[in-house]
Amino acid sequence: LVHFNFEEPIPGLNDFSEDEVPGAVNAVFQFYHIMVGIGMLLAAIAMFFDQYILLRYAYLIYGAACVALVAVLTVGEVGMGASRWLRFGSFQLQPSEFAKVAVVLATARYLGETKRWPLPGSRIIVPVILTLFPMLLVLKEPDLGTAMMFIPPLVAVILAAGLSYRWFLIPTFLGLLS
């Protein structure tokens, strides 16, 4: 969603005045419009993308995401006590965001290969392990908030695959007690 509101200040707009830097206000507006255009172009491309290609390469994408998370720990940039970013020239990348998508793809592919309904409880072991590995790497950065965000997609994929809700009753009850 794109929202144009000219009554509220745009981030960065007040950093420069028109007297200090001629054209600064226009530069911010131009940058904003360029980013909106790029976002809309990427959204249009994504609409015509065959999602089964992603599932076909889900394990490869997952492996690349895990390698990127290990690279963050070894050569990543440290900021505010945590190493979360990979720098490529002037471009920065946060692999933990891509790792969340990779985990969803890998667990969806694994659980999609199961043809039984409802899903047997023993089939959730591998998806949990697939989730725990990158989650622990993100915790090592340390980034607890991002690491915890691996859990809701895992639960959603497992429930969508057909696991009975009663598997979540005891953990939910224990979580509420704590």
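Where a number appears in this text, it was derived from the coordinates with a stated rule and is not lab data. As the structure is a computational prediction, the values presented were derived from the model and not from experiment. Methodologically, a virtual Cβ is constructed for each residue, glycine included, from the backbone with ideal geometry; neighbour enumeration extends over all protein chains shown.
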Item to check | ³J(HN,Hα), Karplus 6.51/-1.76/1.60, whole Hz, each residue of the stretch 87-99, x for Gly, Pro | outcome: 10, 10, x, 8, 9, 10, 10, 10, x, 5, 5, 6, 5
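So if R0 is 35 Å, what FRET efficiency would LEU177 and VAL101 give, r being the distance between their Cβ atoms, rounded to the nearest 0.05?
On the way: r = 32 Å, r/R0 = 0.93.
After rounding, the FRET efficiency stands at 0.60.
Can you give the FRET efficiency to the nearest 0.05 for ILE38 and VAL128, using r as the Cβ-Cβ distance and R₀ = 35 Å? Don't skip to the answer; put the middle values down first.
On the way: r = 37 Å, r/R0 = 1.05.
Plugging the Cβ-Cβ distance into 1/(1 + (r/R0)^6) gives 0.45.
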Item to check | Zone of TRP117's modelled label, taken as backbone nitrogen in the stretch 139-178 under 13 Å from a point 7 Å along Cα→Cβ | outcome: 160-163
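Would you mind getting me the FRET efficiency between VAL75 and ARG166? Use the beta-carbon distance for r and R0 = 35 Å, nearest 0.05. Each step should come with its number before you reach the end.
Numbers: r = 45 Å, r/R0 = 1.29.
FRET efficiency, VAL75 to ARG166: 0.20.
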